[in-house]
Amino acid sequence: MNEEELHLHFEELKKELDGKIDDAQLMKELNTYLNEYRVTPEAAKRGIKRKYGADGTSSFVAADTLSKKIAELTGKEMNVDITAKAVFVDKKQITVRGTPKTIISGILGDETSTAPFTIWEGENVELEKGSVYVFKNAYTKLWNERVQINLGSRGKVEKTEGVRVDVPERVITAESTEIKIGNIKDGIGDVTVTGRIMSVEQRNITVKGEPKVVYSGIIADDTGKIQFSAWNDHSLKAGETICVKSAYIRAWRGIPQLNLGDKCEVSRVDDSFGEIDVSVSKKTIADIIAVGGGLDLSVTGTVVDLRAGSGLIWRCPECNRSVLNGECTTHGKVEPVTDLRMKLILDDGTGAMSAIVNRQDTERLTGITLAAAEGLAKARGNSEVVSREVAGLIIMRKMTITGNVLNDDYGPMMIVDTAKIEPVNTAAEAEALYNEVEAAL
């Protein structure tokens with residue numbers, strides 16, 4: 001959609017939302033819906049209005065925010081206040097679709113229940129484990145039938161003084177689920193995991209003015225690997241095999257993490273795994289969809305589409321975010337730098353997923369360099385010609401991609417570390433298909 005049409009829809013939404021979202025964020029979201037996800041203008045506007053409370057639906061209270069206990073949350077709240085204790089807090093730097101970002105995640109608890117939370121704009125937010133906060137204008141979602149609390153650009157966190165919240169202690173029961181690491185997904189409750197410590201490190205942090213140590217690393221078995229973290233020192237060492245009972249799982253955008261909480265039991269056991277390959281884990285897309293995401297996964301499939309936002313793009317020199325018409329949503333008007341990428345849809349017969357391929361692999365796989373792309377765009381007078389050229393070279397090619405898989409409302413997406421084209425024996429595959437069809441007759 002061209003800039004003039006985009007601006008017309010922007011002005012209409014801006015008037016209806018009446019200050020519920022700042023102009024830069026509104027333009028960014030509208031452009032994402034229309035030019036990246038390729039939905040109709042009506043669907044884009046409906047989605048944005050529903051998100052920010054201007055569609056009049058009964059599930060959203062726009063003027064008077066609801067206050068709820070955690071056990072009352074349904075996963076459909078769009079504007080809710082929650083007063084709860086920070087049971088667990090983790091602030092970290094991440095990369096979202098190639099853009100650096102600070103988020104805060106963890107567990108919130110009140111006298112009725114607990115739930116995982118994520119603060120998506122955590123740059124200027126500080127939370128302390130054990131303190132009580134009011135999460136204002138939060139929204140909730142369901143993931144694996146479990147409520148998740150989210151705080152976006154409209155929300156804010158306020159620390160309460162003199163308010164006491166008693167969180168029921170987690171009870172260890174015989175219902176702890178023994179599970180292989182490759183089958184772990186968010187929301188499955190207490191788990192018992194046996195695996196080999198592949199790496200371990202400790203970080204010194206300050207909580208309520210007191211120094212604390214957080215232990216983290218990678219644990220693996222013969223089905224996969226997972227990140228772990230612990231507040232207590234279990235004297236873990238790389239190379240030893242442990243059994244972890246009553247750990248809990250939380251995930252960021254589909255990537256599960258194993259958490260060794262206060263009620264967790266750790267014991268050393270005999271190692272029966274033999275050689276464990278922690279470099280990559282070969283998966284089908286159906287496997288990934290079932291667990292939500294993971295680290296260092298490898299998938300082989302056919303490129304069936306090239307999404308909008310592929311080919312020649314422009315980035316902010318300060319934060320590396322994509323820019324529209326030379327304007328960054330964070331730094332305003334900038335002198336953008338060019339980049340080259342592919343946003344693929346890969347299908348392996350069990351499902352489909354998105355993948356973002358960086359400049360180096362895009363150049364290697366297509367033979368189109370950044371300089372050549374810039375020259376082609378200049379010669380033709382527009383940048384879309386580059387994505388068309390890339391599409392002609394890559395669609396319907398068989399490819400193996402490896403990287404970390406995230407998960408959001410649009411399904412799994414891999415941030416690709418490596419990618420390669422796989423040779424195809426057309427005659428052999430045609431014969432195999434013929435035999436399969438003949439056997440089904």
Sticking to Cα atoms, compute the Rg of segment 207-336 to one decimal and its Dmax as the biggest Cα-Cα distance, whole number, in Å. 20.8, 60
With only alpha-carbon atoms in the gyration tensor, what are the semi-axes of the equivalent ellipsoid for segment 185-248, in Å, largest first? 23, 15, 10
Computed over the chain, protein heavy atoms only, probe 1.4 angstrom, the accessible area per residue in square angstrom equals 51 Å²
Based on C-alpha coordinates, I'd like the Rg and Dmax of segment 369-441, in Å. 18.4, 55
Separation between Cα centres of segment 212-269 and segment 390-405, rounded to whole Å: 34 Å
Semi-axis lengths, Å, segment 268-361, gyration tensor of Cα atoms, sqrt of 5 times eigenvalues: 36, 19, 11
Long pairs among Lys282/Lys343; Lys49/Lys185; Lys14/Lys136; Lys28/Lys185; Lys101/Lys378, criterion Cα-Cα beyond 28 Å: Lys49/Lys185; Lys28/Lys185; Lys101/Lys378
Quick one: pull the percent of accessible area on the chain belonging to carbon and sulfur, 1.4 Å probe, ligands and nucleic acids left out. 48 percent
Expressed in nm², what is the orientationally averaged projection area of the convex hull enclosing the Cα positions of the chain? 26.2 nm²
Three-way shape call for segment 301-417 based on the alpha-carbon gyration tensor, with the a/c threshold at 1.5: oblate
If you place +1 on the Cβ of every Lys and Arg, -1 on the Cβ of every Asp and Glu, and leave all else neutral, what size is the dipole of the chain about its Cα centre, to the nearest 20 Debye? 700 debye
Projected onto the charge dipole of the chain (unit charges on the beta-carbon of Lys, Arg, Asp and Glu, signs +1, +1, -1, -1), the Cα from Val87, Met413, Ile179 with the largest positive-side position is that of Val87
Ranking Gln227, Val200, Ile119 by how far each Cα lies towards the positive end of the charge dipole of the chain (+1 on Lys and Arg Cβ, -1 on Asp and Glu Cβ), the top one is Ile119
Magnitude of the Cβ-charge dipole of segment 183-338, K/R +1 and D/E -1, about the Cα centre, nearest 20 debye? 460 debye
Considering the alpha-carbon set of segment 330-379 alone, what are its Rg and its Dmax in angstrom? 14.6, 44
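The values are calculated or read from the model by the stated rules, or taken from the named source; none is laboratory data. Predicted model only: the values in this text are computed from it and were never measured. Positions of Cβ are backbone-derived with ideal geometry, glycine not excepted, and every protein chain shown enters the neighbour counts. Side chains are part of the model used for accessible areas, which takes the heavy atoms of the whole protein and leaves out ligands, DNA and RNA. Shrake-Rupley method; radii C 1.70, N 1.55, O 1.52, S 1.80 Å.
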